[in-house]
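FYI, it's all coordinate maths here, none of it is from the lab. Since the model is a prediction, treat every value here as computed from it, not as a measurement. Note that each Cβ is placed from the backbone with ideal geometry, even for glycine, and that neighbours are counted across all protein chains shown.
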Amino acid sequence: MEKVIRKAKALKGQITPPADKSISHRAVMFASLAEGASRIKNFLWAKDPLSSLNAMRLLGVDIQITETKEIIVNATGLHSLKEPDNVIDCGNSGTTIRLLSGILAGQPFLSILTGDESLRQRPMRRIIEPLNLMGAHILGRDSNKFPPLVIKGGCLKGINYNMPIASAQVKSAILLAALFAEGETSVTEPHKSRDHTEKMLKSMGVKLEINNNTIKITPPKYPLNPFDITIPNDFSSAAFFIAGACLVADSEVVIKNVCLNETRTGFLEVLKLMGAKIEIFNLKQQAGEPVGDILVKTASALKAVTVQGEIIPKLIDEFPILCVVATQAEGTTVIRDAKDLRAKESDRIRAMTIELSKMGADIKELDDGVEITGPCKLMGAQVYSYKDHRIAMALSIAALIAEGETVIKDADCVDISFPEFYHLLETLQR
Ligand code: S3P
C-alpha cells in the first residue's frame, strides 16, 4: 500500500496510543509458564505480539480470547509445554524469536523457529552463544548467524554472562532459560536496557537480584504465579505523536495512559534538552509500571544535541523519529554508539539517511549513527519504508512538515505495532 501525506496546518486533540508491544509479548509468553489462569487486558492486537500468542498456542498452551478482547491464558506450569508439530513462524518479530529461544532452550524437545525475510537476516548468534553455553543445542543458518533456528533444549546449567551489547531481547532470553537451569545465572549488560522482563518475572514470584547492570536469577522452587494485567500504552508508539506535536505549528496534543518506564523514555529526556514543550500529568502505577498522560505543544525553537552512550538503549526504537526532529533543530545533532540499529527490522541508520535526504534534509551517515544539521525546510518526496513499521511512521511525521505531498511506499507495515496509526494521525490533523 502507498500512503499519501500532506503538510499539516496543526495537530490538535487527544489520542490513546496502542498497548505496549514489549509488555504484550511478555504477558502472553510469561503467563504461559505460570500455573493457573492469567488475564490480559489491553493486549496489543498487532502482528508482532500475535506472533508470540500463536507460538505459545503451537506449544500447547490453552489461550482463549473473550468477546471483550481480553486474553485468558490457562497454563499448567513451567514444565508443561509440548513439542510443536510444525515450524514456528515468528513473522517480523525479533522479540518473539529471541525470547522464545530462551524458553525453548529449557525444553527437552525439538523446535524450529523461522520468520519473514527481514527476521531471517537478523543476528541470532547473540542468543545462540549464551544459550548453548547453558547447555542448549541451537543451530542457525549460515554458521549460527541467522534464522531459521533449530533448538533442542533441556538440561541447562546456570552461567555468569557478560553481554557484549545492551539488549533487552538477549537479556530476557538468558533470564527465561535460567528459569529451567540448575543453579543461579547472572547476566551483566554494558548499559541498562528495558527491564519489563525483570519486573514481570518478579511479580510472578521469581527471585531476582538487581545490582547496577547485573541481574542474578534463582530458578524457582515453586510454580510461577499467574497474573491479571492491564497493559499500559506504548511510549514508542506515542513518540511519533510527541514529535508531530513538537514540530507542526499551532499544535497541542494529549497522549493518554502511556508507559513511562525510565528504561524507555530517553527520547523525552533528549526532547526536553532540545527545548520541547512537554508536560506529564495523571501519573499513576499500572502493571508495576509508571504510567501518565503527556501534553505536547509546538516547540518555539529546538536546538541540536549530542546523543550517545548509556542513553542509547533507552531510546533505541525512537532513532527514526529522533532523526526527523533533528532536521528542525538549530545546529548539528550527533547520534552515536547506535550501530545495532543496522540490525533492526531494517538498517535504520541507512534507511533514515537515504529517505530524509530525498526530502532535502542535511543528514550524514556514520558507522554507528548520524549527523543531522538543521533547521532545514523539508520537501515532499516519494519515500520508502523498507517494510519497517518505525521507518514508515517516522517518514509520515516528516511528511506533516514537508512542503507539498509525500508518498510513502509499503506503508502498511505499520500493522506490525500500530495498525491504527494513519487513522489516529488523521483525527489530529487540522
Ligand atoms: C525489545 C528490545 C529492543 C527493541 C525492540 C523490543 C524488547 O531490541 O529494539 O523493539 O521487547 O525486548 P534489542 O533487545 O535487540 O535492543
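Structure data summary
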| item | result |
| --- | --- |
| Among beta bridges that DSSP assigns inside the chain, antiparallel share in %, nearest 5 | 70 percent |
| The range 228-345 shape via C-alpha gyration tensor axes, a/c threshold 1.5 | oblate |
| Part-to-part distance (alpha-carbon centres) for the range 300-317 and the range 172-194, which is given in Å | 28 Å |
| Residues with amide H under 5 Å from that of LEU366, placed H, sequence gap 5 or more | GLU371 |
| Mean-position separation - Cα centroids, the range 130-166 and the range 10-27, in angstrom | 33 Å |
| Local electrostatic count, ILE65, Cβ distance below 14 Å [Lys/Arg +1, Asp/Glu -1] | +1 |
| Gyration tensor (alpha-carbon) shape descriptor, the range 21-215, a/c threshold 1.5 | rounded |
| Calculated SAXS-style log₁₀ I(q)/I(0) at q = 0.08 Å⁻¹ - the chain, Debye, Cα scatterers | -0.42 |
| Sequence-separation-based contact order of the range 21-215, relative, with Cα cut under 8 Å and 6+ spacing, percent | 17 percent |
| The range 21-215, dipole about Cα centre (Lys/Arg Cβ +1, Asp/Glu Cβ -1), debye to the nearest 20 | 380 debye |
| Relative exposure of CYS90, CYS155, judged by other C-beta atoms within 10 Å (fewest first) | CYS155, CYS90 |
| Order of ILE5, ILE210 under a 10 Å beta carbon neighbour criterion, fewest first | ILE210, ILE5 |
| Top positive-direction residue, dipole computed over the range 21-215 with Cβ charges, set THR197, ILE151, LEU100 | THR197 |
| Exposure proxy ranking, count of Cβ atoms within 10 Å, fewest first, for ARG120, ARG26 | ARG120, ARG26 |
| For the chain: relative contact order, % (alpha-carbon pairs under 8 angstrom, 6 or more apart) | 18 percent |
| Theoretical ellipticity at 222 nm over the chain - DSSP helices of four or more residues, -39500 (n - 2.57) apiece, nearest 500 | -8500 deg cm²/dmol |
| Contact order relative to length of the range 112-229, as percent, for alpha carbon pairs under 8 angstrom and 6 or more apart | 20 percent |
| Per-residue ³J(HN,Hα) for the range 365-373, Karplus 6.51 cos²θ - 1.76 cosθ + 1.60, θ = phi - 60°, Hz, x for Gly and Pro | 7, 10, 4, 10, x, 8, 10, 10, 10 |
| Cα-centre dipole for the chain with unit charges at Cβ (Lys and Arg positive, Asp and Glu negative), debye to 20 | 260 debye |
| J(HN,Hα) series, the range 146-156, from Karplus relation 6.51 cos²θ - 1.76 cosθ + 1.60, nearest Hz, glycine and proline x | 9, x, x, 10, 10, 10, 10, x, x, 6, 8 |
